[in-house]
Amino acid sequence: MTLPTVRVFSIAVFCLISVAFADEGADQKSTGEVSYLTGALQQASAERPPLMHPVSAILKTRCLECHDSDSKSGGMDLEARLAAFDVQKDVDDWAKIEHAIVSGKMPPASETTLTEMQKQEFHAWFEAEFVMPGGVLHPGPNMPRRLTREELQNTLEDILHVDLRVIVTNSRLHVIPDTIIEKFFSVGVIGDSGFSNDAVTLSQEPIDIQRYSRCFSLVLSLLDSNAAARKQLFGQASLPEQFSAQDARSVIESFVRSAWRRAGTTQEIAALTNVFEQVSQNGSSYEGIKASLLAALLSPSFLFRLEDTVAAAEKTGDAAVPPSAMVSPTELAVRLSYFLWSAPPDEELLRLAENGTLQDDEVLRQQVRRMLADPKRVALAEDLGGEWFDYKKLRQQSAVNQRSDKMAGFYRTQFEEAVLFFDSVIRYRQPIFSLIDADWAYLNDHQKNIYRMQTAAKSFEDTNVLPPINLHYRDNARQVQTQNYEYKHAPLTVMKLTDSDRGGFVTLGSTMSVTSTENRTSPIRRGVWVMERILGQHLEVPDDIPDLEVTKKKAKVENRELTDNELLKLHSSQVGCASCHQYIDPIGFGLEAFDQLGISRTIPDTNPAGEKLAWTPQETPRSYADHSWTITEPLVPGKETRIFFQYTKGGQRLNVRNVRLTAGDHLIEDQHFGFTGAAKRDNVWFLPIPADAPATGWNLTAEIQGDGGTDSHGVITIAGPDDTHPGYELPNGNSFRSPGELKQLLLADYRDQIIDSAIKRVLGYAVGRKILPVDRPAIEEIKRSIRDNGFRMTDLIEAVALSFPFRHKEMP
């Protein structure tokens, strides 16, 4: 830092210390949260009594044999939980125990099951202890929440009236450039809630005040060349040569109200005005006012979303402090704006909060609908959707990809596809099930051809739709810059999908990319992704998981040459793996129809059944020429036969075209061009056998050419209707053979899990913490409220905003 910057920084830090202790009311605002945390720590550190409830007898007689301090089966030491019962500290473990018992997973199938009365007794105890302690609703803990990187960026844009999101061009090869904020701060860490706005995770990350100071100083320097922003902040567009102390105080008071999301106290404003006066003595008053703004931005009141529990408790007077209270109108406005916009409340929200009407149910509903109609709702698609469905990673991959500009552009398109699709579920008021399966997507012709997709025109019947978002920006004024590039990044538009295997996040290209490695697919990642992101089941890696290398060595000893997927299947069948892989593998391998970039494989089955023929270098010409093979096994008249050309080894791929089946006077043709090799493009030919054709006496003829030489080896498979893949069986016994069938199976058999998972995700994002047992009543109420309208995404967002946890705070 330069000397003037160091001096300003030192004054700003001194200001922070002064402000923190200048006002008793402000002190209470911060210590209210601190006292709550301190009390919780003291409670956790105190000696905990043993569990004396009658359910302890059930657990001791039926569970301790496997879950004592010595065995710890599944990593659960139930003996320790019973000996020192702690509602706060052990809530996660007791939730796992309750789920295992109520769902019937424990005791295991080899043991005598608990009686229904025992299960009900345990469930009733758990409800009284963890769901509604004391017989009343609890909103869950409310910790101070530091602004995330995205919230910080949006907040600075709104309160300083500057553009931090830089220009994005229409070039297909151009990445999404990093903003000032993104250059200073890394991507947020995902917490137990599933999101980077998790209060616990944010509290654990270190705060580098010098980095904040350098970043904010650079942002404030944008005012030097932004007359419109200066007009908004200072009331004049020109660079102010002289500010009086009164003028500075007026600017500071207005700025603090927007930056701190509350009015500053007399002592706080005085401390910030003092910064202005000290810097102005040795410099211009303009630098002085910027220094005071910097000090305000470095304050915890800006960096953290603080809520006052002390003042709410004092309202009860001498009465006992209730377990919870409604958040204040201003706090509700802040919660709502950061939920829907990842930004501070606008003037309308603040006005409704100040006149006391925002807490009215109908007014709150109207505000949710108004805010969802604003372009700022793009934050939901970027942050809520981006971290829920993992496509936010592609935003970073676009910026840092080292493989090629084309790959960076490809990842950018996939990120945009996902953002626009998630928003379309909100915009077109679609049910949450559309997140899993939909008949539309956002594409351009270039991306559609890469994916090998067929589309048609798409329109939505409901005309009462929300306005579109502005991709990459938060308003309608800025647009992606269009120039005459050689490779243009064509806008993405909504298209109707004609292939049932496509549509929804389960098979979206972005999902296929983020669940793969750089060079190959990962069925395990894809299976786990569906289980966690769609069905809401968190899978923990077992302690005794067998090593994959051991499995590989075992296969070599048995002289078996296995593909990666065959190796994974062998590995998954071992003890210690099968219990989870029975869920993961069918889903993951069922999505192998798509490669690591989400491109459709022309032959998803690597080893289809059917008659096997071959080609060798002796049969491979340098120039196109017909070659014929005799088919010995019968075909099925009236059904389709598929011809698979599969490369096995050699220096050249095989180009294939004009594939024909002949038997007497019967000629069946598929003349499309395809090739084998690493890409395996269009290497499946479809030939329907007429019902009046013979079953035997068929010959296969094709024009073939060795691409660049004749060193090509491969297998030709003649597959009839009975040679198709048998399918993938889920643990409930139902099976599927295609991604489209998988999606329908998920929606049919796991509907309640999908609904619960979606509610928990949106609620966890809104309250900034993981979902707890105390949230179960709210979850059930949200589910009831959105059922009548078909579980629409907009209704879910609205119901979360009106929910008990969102509108209340836990008292210290």
query: Hey, among the residues in the range 639-689 that are among the acidic types (Asp, Glu) and more than 21 Å from Tyr451 (Cα to Cα), which one's surrounded by the most Cβ atoms within 10 Å (Cβ to Cβ)?
result: Asp670
statement: Taking the range 719-769 and keeping residues open to solvent by 10 Å² or more (accessible area, probe 1.4 Å) and among the β-branched types (Val, Ile, Thr) leaves Thr724, Val767
Gln430, sole failed condition from (1) in contact with a helix residue (DSSP H, G or I) (Cβ under 8 Å, 6 or more places away or on another chain); (2) among the polar types (S, T, N, Q); (3) surrounded by fewer than 19 Cβ atoms within 10 Å (Cβ to Cβ): (3)
query: Can you name the condition, by its number, that Ile704 falls short on among (1) open to solvent by less than 10 Å² (accessible area, probe 1.4 Å); (2) under 24 Å from Phe589 (Cβ atoms)?
result: (2)
- line: Expected output for the range 145-157 (first residue under 18 Å from Pro375 (Cβ atoms) and at pLDDT 95 or above, partner charged (D, E, K, R) and surrounded by 20 or more Cβ atoms within 10 Å (Cβ to Cβ), Cβ below 6 Å, 6+ apart or cross-chain) is Glu150/Asp383
query: For the range 421-456, how many residues are in a loop (DSSP other than H, G, I, E, B), over 19 Å from Ile754 (Cα atoms) and in contact with a strand residue (DSSP E or B) (Cβ under 6 Å, 6 or more places away or on another chain)?
result: 1
query: So, in the range 148-206, of the ones that are touching a Pro at 6+ places or on another chain (Cβ under 6 Å) and closer than 19 Å to Tyr338 by Cα, which residue ends up most open to solvent (accessible area, probe 1.4 Å)?
result: Asp158
message: Being closer than 28 Å to Arg520 by Cα and either in contact (Cβ under 8 Å) with a residue 12 or more places away in the chain or of a type in the set (Asp, Glu) (or both) is the requirement here; does Leu654 meet it?
response: yes
task: Would you confirm whether any residue within the range 730-739 is assigned to a helix (DSSP H, G or I), within 24 Å of the chain's Cα centre (by Cα) and touching a residue at least 40 places away in the same chain (Cβ under 8 Å)?
output: yes
- request: Examine the range 770-777 for a residue that is open to solvent by 30 Å² or more (accessible area, probe 1.4 Å) and not in a loop (DSSP other than H, G, I, E, B), and state whether such a residue exists.
  value: yes
task: Give the range 187-218 a look and list any residue that's among the aromatic types (Phe, Trp, Tyr) and farther than 26 Å from Ala295 by Cα, or say none.
output: Phe195
message: Looking at the range 499-506, can you tell me whether even one residue there is open to solvent by 20 Å² or more (accessible area, probe 1.4 Å), of a type in the set (Gly, Ala, Ser) and under 21 Å from Ile599 (Cα atoms)?
response: yes
- line: Across the range 460-486, the tally of residues that are in contact (Cβ under 8 Å) with a residue 40 or more places away in the chain, polar (S, T, N, Q) and either in contact with a Phe, Trp or Tyr (Cβ under 7 Å, 6 or more places away or on another chain) or over 14 Å from Asp163 (Cα atoms) (or both) stands at 4
- request: Mind listing just one residue for me: the one in the range 203-234 that is charged (D, E, K, R) and within 36 Å of the chain's Cα centre (by Cα) and, of those, nearest to Gly188 (Cα to Cα)?
  value: Glu205
field: All positions within the range 780-802 that are assigned to a helix (DSSP H, G or I), among the hydrophobic types (A, V, I, L, M, F, W, C) and open to solvent by 10 Å² or more (accessible area, probe 1.4 Å)
entry: Ala799
task: Go through (1) part of a helix (DSSP H, G or I); (2) crowded, with 21+ Cβ neighbours inside 10 Å and name the single condition Ala229 misses.
output: (2)
field: Hey, His138 open to solvent by 50 Å² or more (accessible area, probe 1.4 Å), touching a residue at least 24 places away in the same chain (Cβ under 8 Å) and in contact with a helix residue (DSSP H, G or I) (Cβ under 6 Å, 6 or more places away or on another chain) or not
entry: no
query: Could we say that Ser280 is polar (S, T, N, Q), surrounded by 15 or more Cβ atoms within 10 Å (Cβ to Cβ) and free of Cβ contacts under 8 Å to residues at least 40 places away in the same chain here?
result: yes
- prompt: Inside the range 240-338, counting only helices (runs of 4 or more DSSP H) that do not spill past its ends, which hold 1 or more residues that are over 24 Å from Met811 (Cα atoms) and modelled with pLDDT under 95?
  reply: 245-259, 266-281, 285-297
Subset of the range 81-117 [at pLDDT below 80, loosely packed, with under 15 Cβ neighbours inside 10 Å and of a type in the set (A, V, I, L, M)]: Ala83, Ala84, Val87, Ala109
Total residues in the range 658-683, condition in a strand (DSSP E or B), within 25 Å of Phe594 (Cβ to Cβ) and either in contact with an Asp or Glu (Cβ under 9 Å, 6 or more places away or on another chain) or modelled with pLDDT under 85 (or both): 4
query: Any residue at all in the range 353-362 that is within 18 Å of Thr794 (Cα to Cα), more than 22 Å from the chain's Cα centre (by Cα) and either at pLDDT 95 or above or open to solvent by 40 Å² or more (accessible area, probe 1.4 Å) (or both)?
result: yes
- line: Residues of the range 350-377 being within 19 Å of Tyr428 (Cβ to Cβ) and in a helix (DSSP H, G or I), in sequence order, are Val368, Arg369, Arg370, Met371, Leu372, Pro375, Lys376, Arg377
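The values are calculated or read from the model by the stated rules, or taken from the named source; none is laboratory data. Here the structure is a predicted model, which means the values were calculated and not measured. Every residue, glycine among them, receives a Cβ derived from its backbone with ideal geometry; neighbour counts consider all protein chains shown. Side chains included, ligands, DNA and RNA excluded: accessible areas come from the protein's heavy atoms. Shrake-Rupley method; radii C 1.70, N 1.55, O 1.52, S 1.80 Å.
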